[in-house]
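I have placed the structure first, in the form of structure tokens, so that the comments after it can refer back to it.
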Amino acid sequence: MRKFADKIRRILAGWLLVLFVGYLAGATLFYHTHIVNGIRITHSHPYSQTPDTGNHTHTTTGFATIAQLTLILMLAASFYASLRTFALRAARMKPCHTPIHFVRAVSVPSLRAPPVH
């Protein structure tokens with residue numbers, strides 16, 4: 001059973017490496033900018049240039065999809081960085097060796113006389 005788990009772990013590690021290298025290549029090698037309604041949209045993805053214009057275009061839906069995927073990626077990266085920072089700080093914290101004493105609340109009758117009218 002242990003050998004099977006190790007085999008699965010190695011296969012998964014290989015696929016994650018391929019996925020990371022593919023993402024890194026796509027993000028760095030195919031960087032380009034579009035100008036739509038006076039707004040610059042810069043992103044990266046593999047594409048082939050059209051023969052007539054030497055360029056390619058996106059639909060409005062395509063731009064919305066790119067924006068949503070970028071947002072999801074940035075939120076996931078921010079969440080991971082925050083979680084990792086919190087985990088590292090928690091791991092570095094030293095336990096407190098000072099004993100904690102709990103005090104029971106005790107009702108004490110008041111020796112004060114009632115007010116005189």
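Given a Förster distance of 41 angstrom, what is the FRET efficiency for residue 45 paired with residue 102, based on the Cβ-Cβ distance and rounded to 0.05? Efficiency computed from Cβ-Cβ geometry: 0.10.
Rounded to the nearest whole angstrom, the semi-axes of the ellipsoid equivalent to the stretch 1-48, taken from the Cα gyration tensor as √(5λ), stand at 39, 9, 6, largest first. May I ask you to list the residues of the stretch 13-35 whose amide nitrogen lies under 19 Å from a point 7 Å from Cα along the Cα→beta-carbon direction of residue 67? Once the point is set 7 Å along Cα→Cβ of residue 67, 32-35 turn out to lie under 19 Å by backbone N, inside the stretch 13-35. Dividing the mean sequence gap of close Cα pairs (under 8 Å, 6+ apart) by how many residues the stretch 1-94 holds gives a relative contact order of 13 percent. Per-residue 3J(HN,Hα) values for the stretch 78-87, derived from phi via the Karplus relation 6.51 cos²θ - 1.76 cosθ + 1.60 with θ = phi - 60°, read 5, 4, 5, 5, 5, 5, 5, 4, 4, 5 Hz in sequence order (x marks Gly and Pro). Taking θ as phi - 60° and the Karplus parameters 6.51, -1.76 and 1.60, the scalar couplings of the stretch 33-38 work out to 10, 10, 10, 10, 6, x Hz in sequence order, x denoting glycine and proline. Couplings 3J(HN,Hα) of the stretch 57-66, computed from phi: 10, 10, 8, 4, 5, x, 5, 5, 5, 4 Hz, in residue order, whole Hz [Karplus 6.51 cos²θ - 1.76 cosθ + 1.60, θ = phi - 60°; x for Gly and Pro].
Model label points for residue 4 and residue 116, set 7 angstrom from Cα along the Cα-to-Cβ axis, are 9.1 nm apart.
Coordinate-derived values only; no laboratory data. Only a predicted model underlies this, so the values are computations on that prediction, with no experimental measurement involved. Here Cβ is always computed from backbone atoms with ideal geometry, including for glycine, and neighbour counts include all displayed protein chains.
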